[in-house]
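The values are calculated or read from the model by the stated rules, or taken from the named source; none is laboratory data. No experiment lies behind these values; they were computed from the predicted model shown. Here the Cβ is made from the backbone with ideal geometry for all residues, glycine too, and neighbour counts use every protein chain on show.
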Amino acid sequence: MEQNDILDEKKAPVSEQGREKPVKKLVRVNKSKAPQPPRQPQQPQVYHGMHEAPPEGENGGYAEKEFKLVYGEGEHARIEGIGGGKYAAGNIHEDENAPYVPKHEAPPEDYDDDYEYESSNERSWKDIIIKVASIVISLVIIAVMILNMPIIWFNDKRTGEKKNVSILYYLKNEQFLGYIEGNVDKTKHDPQINTDVVEPDYDDGLDLYQKIEGQYTVMFLGFDEEVANTDIIWLMQFDLRGGKLNILQVPRDTFAPDYTSSLTGKINSVYNLGRADDKPIQRVYDALEESFNIPIDAYITTVCTDVADMVDLVGGIPITLDNQIVYEADKIIPAGDTVLSGQQAEWFMRYRSGWSEGDIGRVQNQRRFMAAAMKKLVDIAGGSDGHAKLYKYLNEIYKHKWIATDMSVGDLTKLGDYASTISMDNITVSMVPGEGAWYAAPDGKEYSVYSVHKQETIDLLNNTFRPYQRPLLLSESSLIELQTNHLTDSYDKTKVKFSDLEHATEPRRG
């Protein structure tokens, strides 16, 4: 038979009766259970479309192309054309590269179905991650909304104002340790602001309660072991506009009989024996504000034994000593370059017996410790993780209750951040001008006290501690000058920079 005859026979099959056998068209499988209408005879046609099942011929033949069954059956059959092309009844794949995965029939051994399963798993994990992330984000948004809603009545301990605030505001501004000393009424005294210097709309950026914008003063008190007397009294004034820190040391023996019932009349007894109608911390606050006319914005108190714990917390304080200090027979600090441990720092701060000027010598020695401690603070803050370390230390101090204050952790952090930016040349310390004197008490005994030089003290206050206040008059201070006939002026000008204290020698020994 000729080749052309073979092709013609394939194109038009003939029945046994000699009539042309109509070509039947393959119909897509209907997956529903509804009965299908019987197939109707159709006119012969040639298959050309890519999206139509090829027409059925004899013995599974096809028009124009020949196809063969690879595996499977019914709607899951895999059919390949001899000239290429892959088809499955009811599920035709046009992409030559896309893998085919039958539903119920295992594919040939060489069939690679990794791509399909990996895509399916990937989509599954993506769906889970998206759902979880959506839930978490929703919870965060809800939490933030609740934390910022004004739903708590808050009594501001610094201003006395009661207001409705958010949970975040409450946590940030609540003074966790303030209850130990209590709140202080800071509205009793006129700050005497110099309006020629401080503009009404001036903002120093500190974002803390301040009596005078541009400065912030902290009253620091250090108690003895019995927590009865304030043996350390410092007024630490941060001059925010000038970029300075000025510290006023008030000797513990300063004569202040109007504020204490103690027979000695010493200012260190005001906390324990002051005005009966005021709480202890208020007594000291009033005595210092009325005597030195420096507006006080906050207070910090500590006990000498707690100072030791705080020094150990920061890893000790490096210092250079001219001679060894023998606090007691078995409590000795060696001479030379040393790092004071917490216990040694306590001995160093309290030592007085070896100084010729007793308590004044101790005050002078405390300056050296103060300068060394400030340098350690600056070094810590200057590190790559300085801010985190300072915050960690403050939290530890709060947790162990080593200080009492009306400041929050946030307040202390802000102040610490500012202090760390001040150079040692811009930090000064001054002692209240005066001299030693004898006080004849009502009990017939004489007590050694420190008598202020009033005019010299007023001059120091106006020149250093009142940059944004009008000049203080002599009559406006409640200071009492016991020794009016000055025998010495050795302590009238004691102002010194911290940078100079780094190499200062010890006080005179007795």
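Here are a few things to note about the model shown:
- Residues in region 355-371 that are touching a helix residue (DSSP H, G or I) at 6+ places or on another chain (Cβ under 8 Å) and hydrophobic (A, V, I, L, M, F, W, C) were compared, and the one that is surrounded by the most Cβ atoms within 10 Å (Cβ to Cβ) is Ala371.
- Qualifying residue in region 376-392 (condition: surrounded by 16 or more Cβ atoms within 10 Å (Cβ to Cβ), more than 23 Å from Asp411 (Cβ to Cβ) and within 33 Å of the chain's Cα centre (by Cα)): no
- Out of Arg352, Arg367, sole residue that is basic (Lys, Arg) and in contact (Cβ under 8 Å) with a residue 24 or more places away in the chain: Arg367
Residues are listed down the side, and each one gets a yes or a no for (1) surrounded by fewer than 16 Cβ atoms within 10 Å (Cβ to Cβ); (2) over 32 Å from the mean Cα position of the chain (by Cα):
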{"position": "Asn183", "(1), (2)": "no, no"}
{"position": "Thr187", "(1), (2)": "yes, no"}
{"position": "Asp190", "(1), (2)": "yes, yes"}
{"position": "Tyr209", "(1), (2)": "no, no"}
{"position": "Phe223", "(1), (2)": "no, no"}
{"position": "Glu226", "(1), (2)": "yes, yes"}
{"position": "Ile232", "(1), (2)": "no, no"}
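- Region 192-201, subset surrounded by 12 or more Cβ atoms within 10 Å (Cβ to Cβ) and either of a type outside the set (S, T, N, Q) or at positive phi (or both), residue nearest to the chain's Cα centre (by Cα): Val198
- Hey, Tyr271 part of a strand (DSSP E or B) and more than 33 Å from the chain's Cα centre (by Cα) or not: no
- The residue that is farthest from the chain's Cα centre (by Cα), among those in region 274-297 that are assigned to a loop (DSSP other than H, G, I, E, B) and among the acidic types (Asp, Glu), is Asp277.
- Residues that are part of a strand (DSSP E or B) and in contact (Cβ under 8 Å) with a residue 60 or more places away in the chain were ranked within region 431-442; the one that is nearest to Lys244 (Cα to Cα) is Met431.
- Complete set of residues in region 243-268 that are farther than 18 Å from Gly358 by Cβ and assigned to a loop (DSSP other than H, G, I, E, B): Gly243, Ala256, Thr260, Ser261, Ser262, Leu263
- Residue match in region 443-453 (condition: exposed (fewer than 15 other Cβ atoms within 10 Å of the Cβ), at positive phi and not in a strand (DSSP E or B)): yes
- Ile397 vs. criteria outside any loop (DSSP other than H, G, I, E, B), surrounded by 17 or more Cβ atoms within 10 Å (Cβ to Cβ) and not small (Gly, Ala, Ser): yes
- Residue match in region 339-351 (condition: within 23 Å of Val218 (Cα to Cα), among the hydroxyl-bearing types (Ser, Thr, Tyr) and not in a strand (DSSP E or B)): no
- Single match in Val339, Val363, Val326 (criterion: closer than 22 Å to Thr305 by Cβ and over 40 Å from the mean Cα position of the chain (by Cα)): Val326
- Residue check for Asp411: within 21 Å of the chain's Cα centre (by Cα), assigned to a helix (DSSP H, G or I) and surrounded by fewer than 18 Cβ atoms within 10 Å (Cβ to Cβ): no
- Test: residue in region 339-354 that is in contact with a helix residue (DSSP H, G or I) (Cβ under 9 Å, 6 or more places away or on another chain), hydrophobic (A, V, I, L, M, F, W, C) and at pLDDT below 90: no
- From Leu461, Leu412, residue being touching a strand residue (DSSP E or B) at 6+ places or on another chain (Cβ under 9 Å), assigned by TED's automatic domain parsing to the domain that holds Leu377 and more than 27 Å from Ala381 (Cα to Cα): Leu461
So that you can scan it fast, the table gives a plain yes or no per residue for (1) of a type in the set (Phe, Trp, Tyr); (2) free of Cβ contacts under 8 Å to residues at least 40 places away in the same chain; (3) not in a helix (DSSP H, G or I):
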{"position": "Thr457", "(1), (2), (3)": "no, no, no"}
{"position": "Leu461", "(1), (2), (3)": "no, no, no"}
{"position": "Pro467", "(1), (2), (3)": "no, no, yes"}
{"position": "Pro471", "(1), (2), (3)": "no, yes, yes"}
{"position": "Leu482", "(1), (2), (3)": "no, no, yes"}
{"position": "Thr494", "(1), (2), (3)": "no, no, yes"}
{"position": "Glu506", "(1), (2), (3)": "no, no, yes"}
